[in-house]
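Colleague: Before I ask anything, here is the structure I am working with.
What follows is calculated from the coordinates using simple rules that are stated; it is not laboratory data. Nothing here was measured: the structure is a model prediction, and the numbers come from that model. Quick reminder, even Gly has a Cβ in these numbers, built from the backbone with ideal geometry, and neighbours come from all protein chains shown.
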Amino acid sequence: MTEDTPGTPPRPGSQWYDQEAGPLVRPYAVTGGRTRAGPAGTHLDLIALVMLDRAVAGADEDTSLGPEHRTLIELCRAETLSVAELAAGTGLPVGVVRVLLGDLLERGRVTVSRPVPPAHLPDERILREVIEGLRAL
């Protein structure tokens, strides 16, 4: 019987994941122990939209990028995605994705469109008046 055969006791230390889970890499290893995204004051909301900067060429040739960075670039290549969607697409925790996106921002590989703060949104009363004006037309 091999270790993959049902009923065989698992190897010591392997009971926390199965063969299909693949290699287990801790988040601090992916980020190099960092917990902050980019320069001080950089905060990436879950709904911030990340776009690949098409003006930057040679992203695939950059050897300083890790495989996780390249995965984020590939996901952004097809379409604009939110930070939450990128985390789901990579299977990485949101905190790790934020740190990796901070790296890509510093290198100019991606651009981020941050959501509009609620204080800058139009007042609900004004929006209702606009709707009523459009209906009157």
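Colleague: Below 12 angstrom from the Cβ of L75, what's the summed charge of the other residues (Lys, Arg +1; Asp, Glu -1)?
Modeller: Around L75, the charge tally is -2.
Colleague: Let me ask something else. When S82, S64 are ordered from fewest to most other Cβ atoms inside 10 Å of their Cβ, what list results?
Modeller: S64, S82
Colleague: Which residues' amide hydrogens lie under 5 Å from the amide hydrogen of V110, considering only partners 5 or more residues apart or on another chain, with H built in the peptide plane?
Modeller: D53, L105
Colleague: Also: Taking R0 as 35 Å, what's the FRET efficiency between R128 and A78 from their Cβ-Cβ distance, rounded to 0.05?
Modeller: 0.35
Colleague: Sort D103, D123, D53, D45 so the one with the fewest other Cβ atoms within 10 Å of its own Cβ comes first.
Modeller: So the residues, fewest neighbours to most, are D123, D45, D53, D103.
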